[in-house]
Amino acid sequence: MTDIPRPMPPQPAPRCHALLPCAGTGSRAGTAEPKQYQPLAGLPMVLHTLAAFTAVDRIDRCLVVVAAGDRFLSVDDPRIQLARVGGSSRAASVFNGLQALLDSGADASDWVLVHDAARCLVTPAQVDALIDACADDRVGGLLALKLPDTLKSEAGGRVAATVDRSDKWLAQTPQMFRIGALQAALAAQAGNGFAGVTDEASAIELAGQQPLLVPGSAQNFKVTYPEDFALAEAILRNRT
């Protein structure tokens, strides 16, 4: 009599975690302190960003990666955690943050949505749209925007050519990948100081994968330069 194999117990569905690298200095913003802590519409910029993610029920938790000596943030929301493991670059901060997620109970098969703290205009609907698009994808993907303007190449300060923009996209965040896959992709570039890794999708591309492009919004821009603050403030106040 042969033993009847027992059915395997159902595997838990992968969870979704948000990871916000928040250790940068924001030198291009021209502010005295890191730009992610500058007030916008009455709150530090990063709190607007976190509010969008905590409004999405499918986000299990938000991990904010800050510099070792950073004491600016103090949060009492159990879904928001701080990891003082910020690195010397954005890629290093994300790499360290992924390990912090794994060390605190995340699974390598879980999803992580990496998002710029300074993209404070992202909405819960955009986060949900990315999760919907990527949840069953074998690679993952990113929010992105079709290039709206004519694109020029340059030589010596003059136009060299007009570049076909029909297949060009502006990468945004969040960018959603499996924790294990993203960690492995970044680990492969760590030895050369993450050269060529400008975002998480570029690391996945270097690993031979093709992330999914998910249409984003022009309002989901990264606050980078001094003039960006006034525009972001106006949009935030118009939403309330």
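The values are calculated or read from the model by the stated rules, or taken from the named source; none is laboratory data. Please read all numbers here as calculations on a predicted model, not as lab measurements. Neighbour counts run over all protein chains shown; Cβ positions are idealised from the backbone, glycine included.
Here are the numbers:
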| read-out | value |
| --- | --- |
| Yes/no for residue 213 being over 15 Å from residue 38 (Cβ atoms), at pLDDT 95 or above and touching a strand residue (DSSP E or B) at 6+ places or on another chain (Cβ under 6 Å) | yes |
| Every residue from the stretch 97-119 that is more than 15 Å from residue 15 (Cα to Cα), surrounded by 20 or more Cβ atoms within 10 Å (Cβ to Cβ) and touching a helix residue (DSSP H, G or I) at 6+ places or on another chain (Cβ under 9 Å) | 115, 116, 117, 118, 119 |
| Residue identified as touching a His at 6+ places or on another chain (Cβ under 9 Å), in contact (Cβ under 8 Å) with a residue 60 or more places away in the chain and surrounded by 16 or more Cβ atoms within 10 Å (Cβ to Cβ) among 94, 122 | 122 |
| Residue, surrounded by the fewest Cβ atoms within 10 Å (Cβ to Cβ), within the stretch 173-189, restricted to residues that are farther than 16 Å from residue 102 by Cα and among the polar types (S, T, N, Q) | 189 |
| Entirely in the stretch 154-232, the strands (runs of 3 or more DSSP E) that have 3 or more residues that are over 30 Å from residue 43 (Cβ atoms) | 158-163 |
| Residue selected from the stretch 196-240 under the condition over 29 Å from residue 95 (Cβ atoms) and without any contact (Cβ under 8 Å) to a residue 40 or more places away in the chain, by the criterion surrounded by the fewest Cβ atoms within 10 Å (Cβ to Cβ) | 238 |
| Answer residue from the stretch 123-152, given it is out of contact with any strand residue (DSSP E or B) (no Cβ under 7 Å at 6 or more places or on another chain) and hydrophobic (A, V, I, L, M, F, W, C) and is nearest to residue 17 (Cα to Cα) among those | 135 |
| Every pair of residues 6+ apart whose Cβ atoms lie under 9 Å, when the first sits in the stretch 153-174 and is touching a residue at least 24 places away in the same chain (Cβ under 8 Å) and small (Gly, Ala, Ser) while the second is in a strand (DSSP E or B) and surrounded by 10 or more Cβ atoms within 10 Å (Cβ to Cβ) | 171/142; 171/143; 171/144; 171/145; 171/213 |
| Top-ranked residue of the stretch 109-134 - restricted to ones that are small (Gly, Ala, Ser) and out of contact with any Lys or Arg (no Cβ under 9 Å at 6 or more places or on another chain), ranked as farthest from residue 207 (Cα to Cα) | 125 |
| Meets criteria (under 18 Å from residue 215 (Cβ atoms), of a type in the set (A, V, I, L, M, F, W, C), surrounded by 18 or more Cβ atoms within 10 Å (Cβ to Cβ) and in contact (Cβ under 8 Å) with a residue 24 or more places away in the chain) for residue 129 | no |
